[in-house]
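S.K.: Have a look at this one before I ask anything.
Laboratory data are not the source of any read-out in this text; all were calculated from the coordinates shown. Everything numeric in this text was worked out from a predicted model, so none of it was measured. Ideal geometry is used to build each Cβ from the backbone, glycine not excepted, and the neighbour counts take in all protein chains shown.
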């Protein structure tokens, strides 16, 4: 049933709980997990760029930092003994990147942690888990 699971992790506590859930589901269905880490690059308004004291550019995180964030998630999958692969992506909208990767890889299930934002913030900004759950072409499990 769930032969390919797309696990989306940002290294947060809820994301690590999602990694445990993905590992258990993968073991149950003898599946494989793709652990996707999307590193968000904030959009900086043009009038802020180059302002005194502001960096004139927005840089993606270093490969060393990306590996450091991914390490706990990958260790959970390794300890569970499931087949997995890690993948790093960088983008302005983590939800859009997740949806693009899901469209490309066609997982049977997407697993991600809930960010735990309040109702007002969720209304104003939305959340990654909300957007993914509404636009994915497969089931989505949101772990708290």
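S.K.: Using r as the Cβ-Cβ distance of residue 41 and residue 1, and R0 as 41 Å, what FRET efficiency do you calculate, to the nearest 0.05?
M.R.: Plugging the Cβ-Cβ distance into 1/(1 + (r/R0)^6) gives 0.70.
S.K.: According to a simple spin-label model (label point 7 Å from Cα along Cα-to-Cβ), what is the distance in nm between residue 133 and residue 89?
M.R.: If labels sit at residue 89 and residue 133, their model points lie 2.0 nm apart.
S.K.: Kindly put 144, 115 in sequence by how many other C-beta atoms sit within 10 Å of each C-beta, fewest to most.
M.R.: Neighbour counts put them in this order, fewest first: 144, 115.
S.K.: Right, another one. For 34, 105, 73, what ranking results if the residue with the fewest other Cβ atoms within 10 Å of its Cβ goes first?
M.R.: By the 10 Å Cβ count, ascending, the order reads 105, 34, 73.
S.K.: With 10 angstrom as the radius, rank 7, 68 by how many other C-beta atoms surround their C-beta, starting from the fewest.
M.R.: Sorted ascending by nearby Cβ count, the order is 68, 7.
S.K.: Between residue 78 and residue 12, what is the spin-label point distance in nm, taking each point 7 Å from the Cα along the Cα→C-beta axis?
M.R.: Reported label-point gap for residue 78 and residue 12 is 2.5 nm.
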